[in-house]
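Trainee: Before anything else, here's the structure in question.
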Amino acid sequence: MDKLSKLLPGVIARQPNNRQIAELRIHLALRDLLGPDLGSSCEEVRLNGGILTVGISNPALAHQLRLDAPSLLEQLNRLPLRRRLRELRVRTGRGPLRS
């Protein structure tokens, strides 16, 4: 009998809302990478192809995320996602992100 942890990623990948699941996993991973205080500043995460867009209201943190983008992308690409992240875009301000 296969372990659930081996079967679950394949089942999730075939779900119709796979992008939303990937966005949630990335959002949670960002919270882990940045810590709960800074991670909670990432208000919205959108995934479109290999482009990850993060909405954040703190301009200083947005600047730091842009500087750390190569390292963050490398760490996020270690997650078992079906897509490889190529680019991190950080948007400051309020309002919904466009996919």
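Trainee: For Leu67 paired with Leu28, estimate the spin-label separation in nm (one decimal), with each label point 7 Å from Cα along the Cα-to-Cβ line.
Mentor: 3.0 nm
Trainee: Please compute the contact order of region 18-99 in relative form: average sequence separation of alpha-carbon pairs under 8 Å and at least six residues apart, divided by the residue count, as a percent.
Mentor: 33 percent
Trainee: So what's the net charge close to Asn77: Lys and Arg +1, Asp and Glu -1, counting the other residues with Cβ under 13 Å from its Cβ?
Mentor: Charge balance near Asn77 sits at +4.
Trainee: Something else about it: Compute the length gained on full extension between Ile21 and Asn48: take 0.36 nm times their separation in residues and subtract their Cα-Cα distance, giving the result in nm to one decimal.
Mentor: Using 0.36 nm per residue and subtracting the Cα-Cα distance, I get 8.4 nm.
Trainee: Going by average Cβ neighbours within 10 Å, how do the peptides 85-92, 40-47 rank, with the highest at the top?
Mentor: Ranking the peptides 85-92, 40-47 by packing returns 40-47, 85-92.
Trainee: With a/c under 1.5 counting as rounded, go ahead and sort region 24-72 into rounded, prolate or oblate using the C-alpha gyration tensor (a ≥ b ≥ c being the square roots of the eigenvalues; past the cut-off, prolate if a/b is larger than b/c, else oblate).
Mentor: Because its axes are fairly even, with a/c under 1.5, region 24-72 counts as rounded.
Trainee: Report the FRET efficiency, 1/(1 + (r/R0)^6), for Lys6 and Asn77, where r is their Cβ-Cβ distance and R0 is 25 Å, rounded to 0.05.
Mentor: In this case the efficiency is close to 0.75.
Bear in mind these aren't lab numbers, they're just calculated from the coordinates by the rules spelled out. This one's a predicted model, so the numbers in the text were calculated from it and none came from an experiment. Note: ideal-geometry Cβ built from the backbone for every residue, glycine included; neighbour counts use all protein chains shown.
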